[in-house]
1. In debye to the nearest 20, how big a dipole does the chain give about its Cα centre with +1 on each Lys and Arg Cβ and -1 on each Asp and Glu Cβ?
2. Which of Ser23, Ser42, Ser14 moves the most in a Gaussian network model of the chain with Cα springs under 10 Å?
3. Are any of the pairs Lys83/Lys127; Lys43/Lys108; Lys43/Lys84 more than 27 Å apart by Cα-Cα distance, and if so, which?
4. Accessible area per residue for region 16-153 in Å², computed with a 1.4 Å probe and the full protein assembly in place, what is it?
5. Once you keep just the Cα pairs under 8 angstrom separated by 6 or more residues, what percentage relative contact order results for the chain?
6. Once the dipole of the chain is set up with Lys and Arg at +1 and Asp and Glu at -1 on Cβ about the Cα centre, which of Thr8, Leu116, Tyr59 lies farthest towards its positive end?
7. For Leu47, enumerate residues with amide H under 5 Å from its amide H, sequence gap 5+ or separate chain, H modeled in the peptide plane.
8. Between the helical axis of 53-62 and the dominant principal axis of the chain, each derived from Cα atoms, what acute angle in degrees is found, rounded to the nearest 10?
Amino acid sequence: MVFVSVGTQKQDFSRIFKLVENSKVLENEEIIGQSGYTKYESKKIKLIPFIKKDEFATYFDNADIIICHGGVGTIFDGLYKKKKVLAVPRFAKYKEHVNDHQIQICKKLQEEGYILYLDDGEDIDKKLEILKNTTFKEYVIDESYLDILRKQI
């Protein structure tokens, strides 16, 4: 199963659903999508605008692949659960977000070996094939920072 999440920003993010819907690699996959404020209709993707936290976690647990916007919450949910994550950052030029900070986040996490991200104009099917055949670095929380906070509290 593939889980697609766009977060809860008010800007439209139909682009991610169009990419997923047109993917040949995903044509036989069950696809669940959390669409937030994005108004998109699909015969291929089961879209749910807003999902409760426990139900969201269940979709993550059952997914083989997470395709998401470039929000750190969604990406790190995938990393904590050791999922293969393909991030599709929202672009300011398409009015999907107010700036391009998601691109910076995705680039850095890809450079570090945690995820793949789909840059503007890249072929989603090529990225999905790479994603399926890649072993990613496991994300480990740095407890030293938390220890400093615990001592201060």
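1. 340 debye
2. In the Gaussian network model the winner is Ser42.
3. With Cα atoms farther than 27 Å apart: Lys43/Lys108.
4. Per residue, region 16-153 has 60 Å² of solvent-accessible surface.
5. On the way: 242 pairs, mean separation 31.6, N = 153.
That works out to 21 percent.
6. Among Thr8, Leu116, Tyr59, the one farthest towards the positive end of the dipole of the chain is Thr8.
7. Amide H neighbours of Leu47, under 5 Å, 5+ apart: Gly33.
8. 80 degrees
The values are calculated or read from the model by the stated rules, or taken from the named source; none is laboratory data. In this text, all values refer to a predicted model and were calculated from it rather than measured experimentally. For neighbour counting, all protein chains shown are included, and Cβ atoms are generated from backbone atoms with ideal geometry for every residue, glycine included. Heads up: the accessible areas ignore ligands, DNA and RNA and are worked out on the full protein's heavy atoms, side chains in. Shrake-Rupley method; radii C 1.70, N 1.55, O 1.52, S 1.80 Å.
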